[in-house]
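The values are calculated or read from the model by the stated rules, or taken from the named source; none is laboratory data. Because the structure is a prediction, the values reported are computed rather than measured. Heads up, the Cβs are rebuilt from the backbone with ideal geometry, glycines too, and the neighbour counts pull from every protein chain shown.
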């Protein structure tokens, strides 16, 4: 069943001058983001055409880039209208021929990225003061409607043709896997029987019926649609606490140097060992003066460590996911001067109400979530010269295990900061310390109350690291742990980590990655979807799907 | 990858005189339930031997039966000690050769049943006044430890050999799928790095280390183990509010009459249409006088409608799941006198504090949960002569859709009772009305406040049914809905329903069925587990597993 269409190595960096699929226009405080997908500009143009505003990973990488730039480069943008430039079509969802010809791993990681991007829109609404209004001016199906569902509000043109729908189950034998089912019942709180009916319609619902079912917030005849959208966009923009004008922070290219199996950014370095199936990932502490005021952060632009280091980390995590599927274990190190990290933390905390600093904290928060959700084993190694302090200690908390050498001669300490106290909640709404100490909440307070560094024994006692071998045992213990990990079934590890990392409450966000995605991944393995006669494979081709009707 | 070892039709009824794998002894208020699995008495004895107290579905059916009888037949039992009669082995978990030679659907439904049984133990602790103490007197691995995790407390003998462990990931390339990962981090609140390490050990942990990691509550040397267990069991029993002595309610055989594709119990009738892949399931209202006092419920024993009807419904749901995988849609009817159901509801509510009535309500609650978790589409049909009232209306609420005929001549009404107000919470802790009206909580109050019957239009307006066609449209609308359902991918429907049915909060229970089980089902489809060289297939045979190391 595994498809083998070769996917070219994916580059997650782009910029406005390279956009092919989206048109961004800014008018006062309202940005209009219009989808206009170029059919022949998919990532694998010989395998599929992106008809009817259907999308592939490349289209979504542009969207993610636009959102990131709206956050940082356009403080004057307070609301975004999402619409389409194609006549009578809003968006047909993820391209089926792309999905059908992609490997299982690519499908899963494509969905994960698109989910993160849509959750990023909700994150903007919740944290950045930027609201989203979907202005659906045509047929809006599957992933198209899921994109609309990620908006704060959905307006639909009532022209007898425009519709919203989730036709995946009846047409393709898979789930709407980008949060659709979850958002219909958990965000829009559609009644389950109405949602059940809706999710089995091939043609979706239009106009009044869409409003009555709560699938959209309002429907307007063509003659009044633009005006209603413009009016509501202004109202949404008026709710924002963003500044009325710039300057923003321009995001330049990261331009990593790639040499064989080494990728090197300014603060992040990755080195792949293919024989061991590991990646050694090192993130460096600031090596020069960093901004201490909000204005200085804006002036420093994308060159301040906090922005640059976490943009780089985000990029390398995405490359690992998509381009290096066989690299199962990531060995995480933080190096440099921990004091420099703690000083950045102080500045971030002191200026956290400022729009730009809020965005920097948001960037770090989303990058750490990306790490939580990356299906690779992470082992943090804490050695002399480490910079696992404050924000960088979150990397150790996000890791599946942290090993800290208990060295008799060399100083080796970690340190927490105020930023470990809740600035970077996980998808489930708790801080990584809270999740770690679910059974002993007092340990969170103890850890945060401790002022100053902790050596290996103190860190072990405080429950902050997994193991603290001495210098004699260190090499063997770490080597054996990494070798053992590399020998396990990668699937069992993925499932195990997805369960052990997310103790505690579940949220809409974790339900999308836990419940919805796990079921979708199951379906993406089933012959009824991906077999020769499966619904995903026969769609748009000759013949109808043939199902094995056994229920499980 | 689909295995085809024919599983004989499974019978879920058993009784003490037929037990082969468990020994129950009752001493005062403490029952000791000892596992002593007969190697050669598996459900498919030619395919596998149940060595080392490993279990198959038959062993678990006995366990579920024992638990049900403890609830009803033994009110004097206030605590249960779970232990093993095999020397140096507590339980090795689910039998691997059984799993390896079972179809995907059987694996999934086996795990679902065992999960429900273990959640039933926690339900007894929370609701029935019966606490569980696992007395681990030998090696306790995988499903064995998961059984212990379902107990309130876990005591381990510290003899240098007895251990607890979850070796599924390192040994079998699958997850501990019976709640193990979830309970380790969410119930016992083990730190995630310690849980990660624990879940990758083949040999488990012993004695002091098991206590320190919170994997067990206490460890005792052999010389003191029995005494410590006995003492703690007495303490747990002393917490109970169960009566000090009987009489209990004996559970006799259900003895359904099975003729071809019809199964008929006293109050439940199932009729399979193989061409349409449907099962028409009818549950009848009481047809004679029912108990109104707690004593009368005890005297009536297992013949009162509330017990009998829901035991029958439970049995038929389990048979459908395991024995009729191709029957995808269940058409649910309730027939008879709704007034008779409402009178039972009054009696249940009035006597709800009494141990026996509490157990009857619990039986209904668990059966309805079983329906929520059954991977079949349920359509309720509400026609003249229906008995969808109170407790039986929960069947309509549990269904994916309810159709109610709006008949001009015949009376056709539904009615709620106090029992719809929270007596039967779903796995997520909310009532079915609350989940239905997540977006409009006032509709819950309106529905419950309405005194008396509602006709089709009133029920539709109150949001209690999906559709109310008139008598002219009824046949076509219902027929087309059922035919459309039967044509969809069964896998997409399973995933869709698992997402749409459980809006709202998640609990340990829903995490086990949503997050954990969904991932396990995915792994159960992966070549790394079930392929020719997969870990589940090569275990205990020649050769080692060969993995495709690509992470997804």
Would you mind telling me which numbered condition in (1) in a loop (DSSP other than H, G, I, E, B); (2) under 26 Å from residue B:197 (Cα atoms); (3) in contact with a helix residue (DSSP H, G or I) (Cβ under 7 Å, 6 or more places away or on another chain) residue A:352 fails? (2)
Could you tell me whether residue B:297 is within 30 Å of residue B:403 (Cα to Cα), buried (at least 17 other Cβ atoms within 10 Å of the Cβ) and at pLDDT 95 or above? no
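Yes or no, residue by residue, for (1) outside any helix (DSSP H, G or I); (2) more than 14 Å from chain A (Cβ to nearest Cβ):
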{"site": "B:313", "(1), (2)": "no, yes"}
{"site": "B:317", "(1), (2)": "no, no"}
{"site": "B:321", "(1), (2)": "no, no"}
{"site": "B:327", "(1), (2)": "yes, no"}
{"site": "B:332", "(1), (2)": "yes, no"}
{"site": "B:345", "(1), (2)": "no, yes"}
{"site": "B:362", "(1), (2)": "no, yes"}
{"site": "B:365", "(1), (2)": "no, yes"}
Counting just the residues of the stretch A:466-485 that are within 8 Å of chain B (Cβ to nearest Cβ) and surrounded by 16 or more Cβ atoms within 10 Å (Cβ to Cβ), which one comes out farthest from residue B:168 (Cα to Cα)? A:466
Subset of the stretch B:436-455 (residues that are within 23 Å of residue B:306 (Cβ to Cβ) and in contact with a helix residue (DSSP H, G or I) (Cβ under 8 Å, 6 or more places away or on another chain)): B:447, B:448, B:453
The lone condition residue B:329 fails out of (1) surrounded by fewer than 23 Cβ atoms within 10 Å (Cβ to Cβ); (2) over 30 Å from residue B:69 (Cβ atoms) is (1)
Considering only the stretch A:374-390, state which residues are more than 19 Å from residue A:483 (Cβ to Cβ) and buried (at least 24 other Cβ atoms within 10 Å of the Cβ). A:382, A:386, A:387, A:388, A:389, A:390
Residues in the stretch B:87-105 that are in a helix (DSSP H, G or I) and out of contact with any helix residue (DSSP H, G or I) (no Cβ under 7 Å at 6 or more places or on another chain) total 4
Scan of the stretch A:180-198 for residues that are more than 7 Å from chain B (Cβ to nearest Cβ) and within 15 Å of residue B:498 (Cβ to Cβ), ordered by number: A:180, A:184
Limited to the stretch A:432-452, what total is found for residues that are touching a strand residue (DSSP E or B) at 6+ places or on another chain (Cβ under 8 Å) and within 9 Å of chain B (Cβ to nearest Cβ)? 0
Give the residue, chosen from A:177, A:165, that is modelled with pLDDT under 95 and either within 7 Å of another protein chain (Cβ to nearest Cβ) or surrounded by 24 or more Cβ atoms within 10 Å (Cβ to Cβ) (or both). A:177
Output for the stretch A:253-289, where each listed residue is surrounded by 12 or more Cβ atoms within 10 Å (Cβ to Cβ) and within 30 Å of residue A:29 (Cα to Cα): A:254
Which ranges mark the helices (runs of 4 or more DSSP H) fully within the stretch A:501-552 that have 1 or more residues being more than 9 Å from chain B (Cβ to nearest Cβ)? A:508-511, A:527-530, A:535-538
Could you check, for the stretch A:150-159, whether at least one of its residues is within 14 Å of another protein chain (Cβ to nearest Cβ), farther than 23 Å from residue A:12 by Cα, touching a helix residue (DSSP H, G or I) at 6+ places or on another chain (Cβ under 6 Å) and surrounded by 24 or more Cβ atoms within 10 Å (Cβ to Cβ)? no
Taking into account only those residues within the stretch B:487-500 that are facing chain A (nearest Cβ under 7 Å) and without any contact (Cβ under 8 Å) to a residue 60 or more places away in the chain, which is nearest to residue A:519 (Cα to Cα)? B:495
Scanning for something more than 14 Å from every other protein chain (Cβ to nearest Cβ), out of contact with any helix residue (DSSP H, G or I) (no Cβ under 6 Å at 6 or more places or on another chain) and under 26 Å from residue A:504 (Cα atoms), does the stretch B:199-209 turn up at least one residue? yes
On the basis of being under 21 Å from residue A:119 (Cα atoms), in contact with a strand residue (DSSP E or B) (Cβ under 9 Å, 6 or more places away or on another chain) and more than 10 Å from chain B (Cβ to nearest Cβ), does residue A:217 make the cut? yes
Among A:421, A:463, which is under 22 Å from residue A:367 (Cβ atoms) and crowded, with 16+ Cβ neighbours inside 10 Å? A:421
Just the residues that are touching a helix residue (DSSP H, G or I) at 6+ places or on another chain (Cβ under 9 Å) and not in a strand (DSSP E or B), please, taken from the stretch A:74-86. A:75, A:77, A:78, A:85, A:86
Which ones in the stretch A:46-77 are within 23 Å of residue A:90 (Cβ to Cβ), more than 20 Å from the chain's Cα centre (by Cα) and surrounded by fewer than 23 Cβ atoms within 10 Å (Cβ to Cβ)? A:48, A:49, A:51, A:52
